[in-house]
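Working notes for the structure below.
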Amino acid sequence: MSGQGSPDLGEVDPAWSGMRVAVVSASWHTRVVDGLRAGAARVADRAGVVSSEFVAPGSFELPVLAHHAAASGRFDAVVALGVVIRGGTPHFDYVCSAATDGLTRVALDHGIAVGFGLLTCDTEEQALDRAGLDGSREDKGAEAMVSALRAARTIRDIQAG
Ligand code: DLZ
């Protein structure tokens, strides 16, 4: 997938102010994940969003943390951040699909917006290029936060009728 057509990360909707977001992030590849977390936090700060951070051991555990965040009823949205880098075994495919399917399930089972900030890359260079760091071409942590807030806002509109 290319980054073309991604949302305008500078655009902040005043309606996002006061929204509560759980940010769940994995602990692998800390330089990249720290970049994703910083990107998400930049958007949250600009938008006046209250974010709470929860750390998972690895990306495989992101869905269960997202599930409990959603089930707590304390949050309007969840943002999941992690990086999985392909190795020499099929492990990559299992972790990626478990995390992706699990996060999708959380979104649908709880009817909550889940921002998908899980990078699935062949190399660490590809991940760094998407981590919102100095010299990165893309900022996937910020994109995941913007997407979660937009979806959460639209869910509110749908529910309000
Ligand atoms: C085991 C594993 C491997 C090989 N690679 C990654 C990775 O690139 N990114 C990541 O977030 N987690 C990785 N993990 C850890 C799994 O997600 C999980 O935490 C462990 O299998 C323990 O359940």
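Any idea what the dipole of the range 5-44 comes to, in debye rounded to 20, about its Cα centre with Lys/Arg Cβ at +1 and Asp/Glu Cβ at -1?
The dipole of the range 5-44 has a size of about 240 debye.
Need the full-extension length gain, residue 8 to residue 104, defined as separation in residues times 0.36 nm minus the C-alpha distance. One decimal, nm.
32.2 nm
Please give the length that would be gained between residue 92 and residue 1 if that part of the chain were fully extended, namely 0.36 nm times their separation in residues minus their C-alpha to C-alpha distance (nm, one decimal).
So the chain would gain 31.0 nm between residue 92 and residue 1.
Suppose each label sits 7 Å from its Cα in the direction of the beta carbon; what would the residue 64-residue 52 distance come out to in nanometres?
Calculated label separation equals 1.9 nm.
Counting only trypsin sites (Lys or Arg not before Pro) that sit in a DSSP loop (anything but H, G, I, E, B) with at most 16 other Cβ atoms within 10 Å, what is the longest stretch of the chain containing none of them?
On the way: sites that count: 74, 86, 137.
That gives 1-73 as the longest site-free run.
How do 54, 75 rank when sorted from fewest to most other Cβ atoms within 10 Å of their own Cβ?
Lowest to highest Cβ neighbour count: 54, 75.
Among 71, 80, 127, determine the one that fluctuates most according to a GNM of the chain built with springs between C-alpha atoms less than 10 Å apart.
71
Quick one: net charge of residue 136's neighbours, Cβ under 15 Å, K/R +1, D/E -1? Could the numbers behind the result be given before it?
On the way: positive: 31, 37, 42, 130, 137, 140; negative: 34, 124, 125, 129, 134, 138, 139, 143.
Within the 15 Å Cβ shell, the charges total -2.
Under the rule of at least 5 residues apart or a separate chain, name every residue whose amide H is placed under 5 Å from the amide H of residue 49.
18
Per residue of the range 109-118, in order, report the coupling 6.51 cos²θ - 1.76 cosθ + 1.60 (Karplus, θ = phi - 60°) as ³J(HN,Hα) in whole Hz, putting x for Gly and Pro.
Karplus values, whole Hz, x for Gly and Pro: 5, 9, x, 10, 6, 10, x, 9, x, 9.
Using a Gaussian network model of the chain with C-alpha springs under 10 Å, which one of 50, 79, 33 is most mobile by mean-square fluctuation?
Residue with maximal mean-square fluctuation among 50, 79, 33: 50.
Set the Förster distance to 25 Å, then compute FRET efficiency between residue 124 and residue 158 from the Cβ-Cβ distance, nearest 0.05.
After rounding to 0.05, the efficiency reads 0.05.
Sorted from fewest to most neighbouring beta carbons within 10 Å, what does the list 1, 145, 19 look like?
So the ranking, lowest neighbour count to highest, is 1, 19, 145.
Taking amide hydrogens as modeled 1.01 Å from N in the peptide plane, which residues meet the under 5 Å criterion relative to residue 54, leaving out close sequence neighbours?
23, 24, 25
Within a 10 angstrom radius of the beta carbon, how do 119, 108, 9, 128 rank from fewest other beta carbons to most?
Neighbour counts put them in this order, fewest first: 108, 9, 128, 119.
Work through the residues other than residue 25 whose Cβ is under 11 Å from its Cβ and net out their charges, Lys, Arg +1 and Asp, Glu -1.
On the way: positive: 37; negative: 34, 53, 61.
Once all neighbours under 11 Å are counted, the net charge is -2.
If you plug each phi of the range 84-95 into the Karplus form 6.51 cos²θ - 1.76 cosθ + 1.60 with θ = phi - 60°, what whole-Hz ³J(HN,Hα) values come out, in order, with x for Gly and Pro?
10, 10, 4, x, x, 10, x, 3, 3, 5, 5, 5
In whole Hz, with x marking every Gly and Pro, tabulate ³J(HN,Hα) for the range 133-146 from phi via Karplus 6.51 cos²θ - 1.76 cosθ + 1.60, θ = phi - 60°.
Computed from phi, the couplings for the range 133-146 are 8, 4, x, 6, 7, 9, 10, 6, x, 5, 4, 5, 5, 4 Hz.
Every number here is computed from the coordinates shown, using simple stated rules; none is lab data. No experiment lies behind these values; they were computed from the predicted model shown. Backbone-built Cβ (ideal geometry, glycine too); neighbour counts: all protein chains shown.
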